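The structure under discussion appears below in the form of structure tokens.
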Amino acid sequence: MGVDVSSRGTAVEEHWRQFFRWGPYGLLALAAVLAAASADAVMDGPKTIAAGILAAAALALELRWTAHQRALAAVPAPSAQCDGPPGEESAEPAPAVLVPGAPDAASTGYFVLRTALAFALTWLNPFFAVYACMGYFDAVHLLPPRPTPARAGLLVVALTMAGSQAGGLPPRSPLQWVAFGALFALNSVLAVGLSHLGVKEAEKAAERAATIAELARTNARLEQALAENAALQAQLLVQAREAGVADERRRLAAEIHDTLAQGLTGIIAQLQAADAGGDPGQARVHLHRAADLARHSLREARRSVQDLSPVALEHDTLPEALKTTVAAWSERTGITARFAVTGTEEPLHD
């Protein structure tokens with residue numbers, strides 16, 4: 001049973017696209033619910049109002065980013081260039097785009113604003129760190145493809161998460177500061193380490209995709225070469241057959257000129273001599289010579305016909321004809337000879 005790896009990979013990529021599109025909304029909604037439930041214990045009136053304003057700003061930011069992504073997705077992608085001959089499509093698969101339009105200035109600005117809002121919300125209520133953890137998943141996709149910006153973004157997210165896990169920002173006691181430092185180090189190592197492993201795995205996947213694409217192009221070129229060789233072989237076969245027919249025609253023309261034509265010329269000369277002479281005895285001599293020439297020409301004509309198609313092959317196959325020939329030769333010469341056929345008997349072309 002075969003497994004369609006490409007279809008499975010496409011399904012996984014589509015799940016990630018949906019997560020990157022709707023995940024921030026879900027996490028923001030969950031964080032808002034948890035913050036609202038704990039508002040009386042964690043926040044006072046001004047902080048509650050500030051958290052509501054910042055949460056609304058975060059929602060507006062997500063709506064603006066979604067509209068930007070939809071606008072980019074509506075623009076048709078430029079056709080990929082093909083290095084092969086005209087009319088041949090490239091076998092190299094296009095890289096998967098999990099976040100439309102990223103990374104660019106807009107995606108970088110979106111990540112910075114979202115991380116800042118998440119940090120401010122977490123400062124007001126630690127449960128808003130649920131919204132901040134989205135940065136662990138999409139920092140590599142939204143920020144420029146260089147290690148420094150991605151690591152900086154992950155460290156800011158790790159700082160926010162460590163503050164929430166330590167009991168809120170800012171820490172209020174030496175013990176909280178120690179816990180905050182340890183949690184920040186742990187979150188930083190995990191975030192940066194896992195991100196590095198993810199980048200390496202993506203590079204290996206890209207290398208494997210490039211290798212598969214190169215193998216596909218090589219197979220396509222090999223199939224094309226085999227097709228060209230088959231066409232060339234068929235053309236050579238036709239040319240060889242035509243050359244054989246031409247050689248046979250030239251041989252027949254030479255035999256007709258050397259045997260039949262000369263024999264007929266001799267017969268005509270003898271008949272003319274018999275008709276011109278007055279001596280009956282001499283006329284009979286010329287007629288006898290003419291008859292000998294006619295019989296000789298007939299034998300030559302039969303020999304030419306037999307050369308075109310051997311008599312032994314008129315009613316028998318090649319193995320049977322060879323067996324008969326070997327048996328006749330052995331009987332005629334007295335030398336013991338045996339004939340054996342190996343393999344599958346195939347009919348010969350006319």
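The values are calculated or read from the model by the stated rules, or taken from the named source; none is laboratory data. The shown structure was predicted, so the numbers you read here are calculated from the model rather than taken from an experiment. Here the Cβ is made from the backbone with ideal geometry for all residues, glycine too, and neighbour counts use every protein chain on show. These area figures cover heavy atoms from the full protein model, side chains too; ligands, DNA and RNA do not enter into them. Shrake-Rupley method; radii C 1.70, N 1.55, O 1.52, S 1.80 Å.
Within segment 12-19, is even one residue loosely packed, with under 14 Cβ neighbours inside 10 Å, more than 40 Å from the chain's Cα centre (by Cα) and not hydrophobic (A, V, I, L, M, F, W, C)? No; the residues of segment 12-19 include none that is loosely packed, with under 14 Cβ neighbours inside 10 Å, more than 40 Å from the chain's Cα centre (by Cα) and not hydrophobic (A, V, I, L, M, F, W, C).
Within segment 101-117, restricting attention to residues that are in a helix (DSSP H, G or I) and over 16 Å from A58 (Cβ atoms), the residue that is least open to solvent (accessible area, probe 1.4 Å) is S107.
Residues checked against (1) open to solvent by less than 40 Å² (accessible area, probe 1.4 Å); (2) at pLDDT below 85; (3) under 18 Å from C133 (Cα atoms):
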{"site": "S188", "(1), (2), (3)": "yes, no, yes"}
{"site": "E203", "(1), (2), (3)": "no, yes, no"}
{"site": "I212", "(1), (2), (3)": "no, no, no"}
{"site": "E228", "(1), (2), (3)": "no, no, no"}
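Is it the case that L169 is crowded, with 18+ Cβ neighbours inside 10 Å and closer than 24 Å to T48 by Cα? Against the criterion (crowded, with 18+ Cβ neighbours inside 10 Å and closer than 24 Å to T48 by Cα), L169 qualifies. Looking at the structure I just gave you, is A158 farther than 22 Å from V42 by Cβ and surrounded by 14 or more Cβ atoms within 10 Å (Cβ to Cβ)? No.
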